[in-house]
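The values are calculated or read from the model by the stated rules, or taken from the named source; none is laboratory data. The structure presented is a predicted model; accordingly, all values stated were derived computationally and were not measured. Using ideal geometry, Cβ is built from the backbone for each residue, glycine included, and neighbour counts are taken over all protein chains shown.
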Amino acid sequence: MPQNIPAFFGSYADLYNRALAGEDVFEEIMDRFSDKFLAAGPGSISIAKRGGAFRRMLEKGYRFYRQIGTRKMTATRVEVTPIDAGHCMAKVFYRADYKRPDGSPLAINFDIAYLLDITSAKPKIFAFIAGDEMEAYRKHGLLPDKKGDRPNPKGRSKSQAETTERQRLH
């Protein structure tokens with residue numbers, strides 16, 4: 001495997017942090033993905049493609065992450081499993097740091113499985129499988145629960161919170 005996959009995801013997390021800071025790095029983020037890719041999570045599997053719609057989804061997604069108090073993302077560990085000469089799976093363990101609505105700090109650890117095409121000089125993500133990030137946000141008070149019992153952070157309407165549930169950016 002000629003590429004350094006852990007370094008690839010370390011720099012991917014760096015791009016995430018730069019986007020959180022408001023820097024326009026969306027082209028660089030999109031360049032990490034194949035022209036078409038699969039995004040899967042609880043209750044949804046979709047095929048997306050690089051381009052204007054993906055860029056707009058990234059812009060909207062990072063606005064949402066800032067709204068719920070996301071401060072930093074770190075790739076803490078990467079486990080790489082070769083599939084064949086041109087593909088591998090990377091399970092990436094992340095730590096996300098947040099500032100809760102009350103100002104207290106919060107860290108959430110999670111992992112995402114990525115499938116990568118490694119046939120060219122730079123790896124390309126052609127699929128990823130993520131857990132239920134919205135449920136994690138609810139569990140930790142960053143979003144209201146599905147019944148609406150918790151206060152809504154930053155005064156967002158319920159429809160905005162529900163709309164974000166359809167987003168998947170990793």
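Just to be sure before I move on: is A39 farther than 21 Å from D117 by Cα and touching a residue at least 24 places away in the same chain (Cβ under 8 Å) in the structure I sent? For A39, the condition - farther than 21 Å from D117 by Cα and touching a residue at least 24 places away in the same chain (Cβ under 8 Å) - is not met. D84 meets the conditions (1) at pLDDT 95 or above; (2) surrounded by 14 or more Cβ atoms within 10 Å (Cβ to Cβ) in every case but one. The failed one is (2).
Applying a threshold of 8 Å to beta carbon distances and a minimum spacing of six or more residues, or different chains, the list of pairs starting in region 88-111 at a residue that is over 10 Å from R71 (Cβ atoms) and touching a residue at least 40 places away in the same chain (Cβ under 8 Å) and ending at one that is hydroxyl-bearing (S, T, Y) and part of a strand (DSSP E or B) reads C88/T81; A90/T81; A90/Y114; V92/Y114; Y94/T74; Y94/T76. Residues that are among the acidic types (D, E), at pLDDT 95 or above and surrounded by fewer than 15 Cβ atoms within 10 Å (Cβ to Cβ): does region 98-119 have at least one? No, that holds for no residue. The C-beta contact set for region 1-27 (first residue in contact (Cβ under 8 Å) with a residue 12 or more places away in the chain and charged (D, E, K, R), second residue surrounded by fewer than 16 Cβ atoms within 10 Å (Cβ to Cβ) and part of a helix (DSSP H, G or I), distance under 8 angstrom, 6+ apart or interchain) comprises E27/R55.
Here R55 meets the list (1) in a strand (DSSP E or B); (2) modelled with pLDDT of 95 or more almost entirely, failing just condition (1). As for region 90-97, it holds no residue that is over 17 Å from Y16 (Cα atoms) and at pLDDT below 95. Every condition in (1) surrounded by 19 or more Cβ atoms within 10 Å (Cβ to Cβ); (2) assigned to a strand (DSSP E or B); (3) in contact (Cβ under 8 Å) with a residue 40 or more places away in the chain is met by Y65 except one, and the failing one is (2).
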